[in-house]
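Reading through the structure tokens given below for one structure.
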Amino acid sequence: MIRLSSSQRSGLVGAALLALVLVAIGLLTAYFGSRYQVRLVYSAYVNLIVVLGLQVFMGNARITNLSHSAFMGIGAYAAALCVTPENIKKISLPDAPWGLAQFSLDPVVSALIAVVITAVLALLLGMLIVRLTSIGATIVTLAILVIIHAIFLYRTDIFKGNQAFFGIPQVFNLTSVIAIAILVVIVCRLFRESRWGIQLRASADDEVGAAAMGVQIYRLRLIAWVLGAVILAVAGICYAYFLGTISARPFYFNHVFLTLAMLILGGMRTVTGAVLGTFLISFGLEGVRYLETGPVFLGIDLPEALGLSGIALGAVIVLTMALRPTGIMGNREIETLFVRQRH
């Protein structure tokens, strides 16, 4: 029988509360939302999984990671290459090497292969990253993003670059992504409240002191890095299995800054902050995009304001870092707020 510590039991309570929030949003969307709104909310859940994958490493090790969208892309492309029917791949990838256009696998097997490929790459890269200083590691993750994007872009015989890789079976729906998001929330909370997560956060606050107490800092960072990459691969699979088409463009700088803003706004140190920041920005940006089109608001014909969403994201990052560097939630999880309200 597995015995959980008090902090892990508290983490499960918090995960259950967050699961209720995720289910409630999904039910409201499913029953009252239009088709466009369902796609919007599905995208928000995918971004939530990305932000949670980012939080596992960045929130616990306190090292900025700018390569997360690349790992999401690896998961998406690996699953797509495996699951897409042969007849479609022969049309879209006629020059594919290594017999990639000659087979088609079950969606579950394809997803498992994508996760394993991503985990192996993350392990190899992580052995270097975890031994670097905070600034050095951040620069290397940026280089990883650029290199992997260049591979997506210029190996058109495999990835088709900016052209659409089409024909991916639509395996997932809104229910699927909600279930996966809840599972990821549970994993992230259990890791955060585990001995590994607590020691990793302690090493981020005082690396010398933690090492003196016997904490294996590099090992813990590597575990968090690989776990985060696996979660990011899952997000990429959810993305590909719903849209049915992918390209290199979504897995680059725009997505990096979007998801970073979500994590920074909510608070990178907590899973609750990741959830809060994701939905605040996901739904808030829709309002900003509406203003970009130059609508009539309260009888006033507003001018078009193209690029306003980019300005809004930049403002969120700058203002949050200046006024509340730890984000809205700080170090608090949702169950802590609940207990405080009861008392």
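Among the residues of the range 93-110, are any open to solvent by 70 Å² or more (accessible area, probe 1.4 Å) and among the aromatic types (Phe, Trp, Tyr)? Yes, because at least one residue in the range 93-110 is open to solvent by 70 Å² or more (accessible area, probe 1.4 Å) and among the aromatic types (Phe, Trp, Tyr).
Residue by residue, here is whether (1) touching a residue at least 40 places away in the same chain (Cβ under 8 Å); (2) open to solvent by 40 Å² or more (accessible area, probe 1.4 Å) holds:
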{"residue": "Thr138", "(1), (2)": "yes, no"}
{"residue": "Thr156", "(1), (2)": "no, yes"}
{"residue": "Gly161", "(1), (2)": "yes, no"}
{"residue": "Ile168", "(1), (2)": "yes, no"}
{"residue": "Leu174", "(1), (2)": "yes, no"}
{"residue": "Ala179", "(1), (2)": "no, yes"}
{"residue": "Ile182", "(1), (2)": "yes, no"}
{"residue": "Ile186", "(1), (2)": "yes, yes"}
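Got at least one residue in the range 300-308 being over 19 Å from Gly59 (Cα atoms), assigned to a helix (DSSP H, G or I) and modelled with pLDDT of 75 or more? Checking the range 300-308: at least one residue is over 19 Å from Gly59 (Cα atoms), assigned to a helix (DSSP H, G or I) and modelled with pLDDT of 75 or more. The residue that is farthest from Tyr77 (Cα to Cα), counting only those in the range 132-158 that are assigned to a helix (DSSP H, G or I) and among the hydroxyl-bearing types (Ser, Thr, Tyr), is Ser134.
Filter the range 12-21 down to the residues that are out of contact with any Asp or Glu (no Cβ under 8 Å at 6 or more places or on another chain) and either without any contact (Cβ under 8 Å) to a residue 24 or more places away in the chain or open to solvent by 40 Å² or more (accessible area, probe 1.4 Å) (or both) and list them by number.
Taking the range 12-21 first, the residues out of contact with any Asp or Glu (no Cβ under 8 Å at 6 or more places or on another chain) are 12, 15-16, 18-21.
Selection gives Leu12, Ala16, Leu20, Val21.
Kindly establish whether Arg9 is at pLDDT below 90 and surrounded by fewer than 16 Cβ atoms within 10 Å (Cβ to Cβ).
Answer is yes for this residue.
Could you tell me how many of the residues in the range 309-328 are open to solvent by less than 60 Å² (accessible area, probe 1.4 Å) and either in contact with an Asp or Glu (Cβ under 9 Å, 6 or more places away or on another chain) or assigned to a helix (DSSP H, G or I) (or both)?
Matching residues across the range 309-328 total 9.
Quick check: is even one residue across the range 228-238 more than 25 Å from Ile328 (Cβ to Cβ), buried (at least 23 other Cβ atoms within 10 Å of the Cβ) and touching a strand residue (DSSP E or B) at 6+ places or on another chain (Cβ under 9 Å)? Yes, the range 228-238 contains at least one residue that is more than 25 Å from Ile328 (Cβ to Cβ), buried (at least 23 other Cβ atoms within 10 Å of the Cβ) and touching a strand residue (DSSP E or B) at 6+ places or on another chain (Cβ under 9 Å).
On the given criteria, is Gly126 open to solvent by less than 60 Å² (accessible area, probe 1.4 Å), part of a loop (DSSP other than H, G, I, E, B), touching a Leu at 6+ places or on another chain (Cβ under 6 Å) and in contact (Cβ under 8 Å) with a residue 12 or more places away in the chain? So Gly126 does not fit the description; no.
Which of the residues belonging to the range 208-248 are touching a residue at least 12 places away in the same chain (Cβ under 8 Å), farther than 18 Å from Ile49 by Cα, small (Gly, Ala, Ser) and part of a helix (DSSP H, G or I)? Passing the criteria: none in range.
Looking for something of a type in the set (A, V, I, L, M), open to solvent by 20 Å² or more (accessible area, probe 1.4 Å) and in contact with a helix residue (DSSP H, G or I) (Cβ under 8 Å, 6 or more places away or on another chain) - is there at least one such residue anywhere in the range 199-207?
Here is the first cut: in the range 199-207, the ones of a type in the set (A, V, I, L, M) are 200, 202, 204.
Next, from what is left, pick out any that are open to solvent by 20 Å² or more (accessible area, probe 1.4 Å): 202, 204.
If we keep only those that are in contact with a helix residue (DSSP H, G or I) (Cβ under 8 Å, 6 or more places away or on another chain) too, we end up with 202, 204.
Checking the range 199-207: at least one residue is of a type in the set (A, V, I, L, M), open to solvent by 20 Å² or more (accessible area, probe 1.4 Å) and in contact with a helix residue (DSSP H, G or I) (Cβ under 8 Å, 6 or more places away or on another chain).
None of Ile129, Ile139 is in contact with a Gly (Cβ under 9 Å, 6 or more places away or on another chain), hydrophobic (A, V, I, L, M, F, W, C) and under 28 Å from Ala224 (Cβ atoms) except Ile129. Taking the range 22-121 as the region of interest, the helices (runs of 4 or more DSSP H) fully inside it that hold 2 or more residues being touching a residue at least 60 places away in the same chain (Cβ under 8 Å), under 24 Å from Arg249 (Cα atoms) and touching a strand residue (DSSP E or B) at 6+ places or on another chain (Cβ under 7 Å) are 68-83.
The values are calculated or read from the model by the stated rules, or taken from the named source; none is laboratory data. Just so we're clear, the structure is a prediction, and the values are computed from it rather than from any experiment. For neighbour counting, all protein chains shown are included, and Cβ atoms are generated from backbone atoms with ideal geometry for every residue, glycine included. Side chains included, ligands, DNA and RNA excluded: accessible areas come from the protein's heavy atoms. Shrake-Rupley method; radii C 1.70, N 1.55, O 1.52, S 1.80 Å.
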